[in-house]
Amino acid sequence: MKNVFKVITIFLISFNLNAQVEGKFKHKICKYGPNCFVFKFDINGTFEFIYSQDILGSGTLTGKYVKVKDTLKLTPDKVFFSHPTEIIETENSDSKTTKIVVKYQRASKKGEEKTENFECYLSINDEKYLKTDQNGTLVIPKIKINKIQIKDIFEIELKSEPLVKLTETIFYPKLDKNYIELLTSESDEGIDLAMSSWMTKLLLIKGRKLFPISFEPEEVYLGKEKTYYEKFN
């Protein structure tokens with residue numbers, strides 16, 4: 001019976017140490033302004049981070065958290081995403097030429113897609129690279145195109161890494177058409193809101209307070225002992 005009681009006690013202690021947190025926590029700096037930061041934790045392991053910062057602006061980030069004993073580890077959700085690439089093949093009114101147009105989709109928030117013309121270099125059927133005009137348009141004599149490869153100006157003219165990292169740089173037309181539109185897409189790798197990198201991702205739980213484990217700029221004004229988030233209703 002004692003062993004059963006001991007196991008139950010250990011289980012309850014372990015559960016309490018690793019149980020999720022819930023509620024709203026406001027940063028001490030909010031009392032002084034203009035910067036203010038609030039965490040809202042849900043028992044299901046998700047959080048919202050509501051921020052107002054004089055340089056990075058205002059907004060809300062969401063994400064997931066894990067509680068291990070007295071520490072919270074936060075992982076913000078991605079904000080910017082790449083979009084699907086596409087190749088559109090139709091007929092050009094000039095039957096003696098083939099017109100290729102390259103457009104570029106920036107990595108963006110969902111519902112805020114933006115497409116721009118993309119000045120670049122194109123290799124047709126593995127031949128030498130030809131430069132498009134400023135609108136991303138290249139007109140060549142009519143030929144059957146099996147492969148188009150894209151390189152940006154930095155790669156060709158400066159022999160360096162591309163200024164824009166694309167999810168795909170090689171396209172294979174399937175139809176024998178003389179108007180080809182390439183819808184390229186910026187890679188979302190390494191791209192996100194500055195606040196996602198700036199925000200504190202490790203917090204130490206002390207009662208109704210959460211203390212940043214890593215350095216925060218607010219420490220300069222508040223001091224380390226008074227730099228914390230406090231629970232409120």
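With semi-axes √(5λ) of the Cα gyration tensor in Å as the read-out, I listed [x] 54, 22, 14; [y] 26, 21, 18; [z] 37, 24, 14; which label goes with the value calculated from this structure?
Answer label, from the structure shown: [x].
Order the following by accessible area, largest value first: Tyr172, Tyr65, Tyr179. Probe radius 1.4 Å; ligands, DNA and RNA are ignored.
Output order, biggest surface exposure first: Tyr172, Tyr179, Tyr65.
For the stretch 73-136, what is the accessible area per residue in Å², given a 1.4 Å probe and the full set of protein chains?
Result: 60 Å² of accessible area for each residue.
Normalise the Debye intensity by I(0) for the stretch 102-233, one equal point scatterer per Cα, no solvent, then take log10 at q = 0.10, 0.17, 0.19, 0.22 Å⁻¹ and round to two decimals.
At q = 0.10, 0.17, 0.19, 0.22 Å⁻¹ the computed log10 ratios are -0.54, -0.93, -1.08, -1.30.
Quick check: at a probe of 1.4 Å, how many percent of the accessible area of the stretch 23-155 sits on carbon and sulfur atoms?
Carbon-and-sulfur percentage of accessible area, whole number: 50.
Apply 1/(1 + (r/R0)^6) to the Cβ-Cβ distance of Leu163 and Gln20, taking R0 = 45 Å, and write down the FRET efficiency to the nearest 0.05.
In this case the efficiency is close to 0.55.
Might you work out the accessible area of Phe41 for me, using a 1.4 Å probe with all protein chains in place, and round it to the nearest 10 Å²?
Phe41 exposes around 10 Å² with every protein chain in place.
Any idea of the accessible area per residue across the stretch 181-233, 1.4 Å probe, to the nearest Å²?
On the way: 2930 Å² over 53 residues.
Using a 1.4 Å probe on heavy atoms only, each residue of the stretch 181-233 averages 55 Å².
Would you calculate a helix-derived [θ] at 222 nm for the chain, using -39,500 (n - 2.57) for each DSSP H run of n ≥ 4 and dividing by the full residue count, to the nearest 500?
-3500 deg cm²/dmol
Give me a comma-separated list of calculated 3J(HN,Hα) values for the stretch 43-53, in order, Karplus coefficients 6.51, -1.76, 1.60 applied at θ = phi - 60°, integers in Hz, x for any Gly or Pro.
5, 7, x, 10, 9, 10, 10, 9, 10, 9, 9
What's the longest bit of the chain with no exposed trypsin sites (Lys or Arg not before Pro), using DSSP loop states and at most 12 other Cβ atoms within 10 Å as the test?
It works out to 1-68.
Cα axis of helix 2-18 to longest principal axis of the chain: angle in degrees, 0 to 90, nearest 10?
Relative to the chain, helix 2-18 is tipped by roughly 50 degrees.
The values are calculated or read from the model by the stated rules, or taken from the named source; none is laboratory data. Computed from a prediction, not measured in an experiment: that's the story for all the values here. Cβ coordinates were reconstructed from backbone atoms using ideal geometry, including for glycine residues, and neighbour counts include every protein chain displayed. Calculation scope for accessible area: heavy atoms of the full protein, side chains included, ligands and nucleic acids excluded. Shrake-Rupley method; radii C 1.70, N 1.55, O 1.52, S 1.80 Å.
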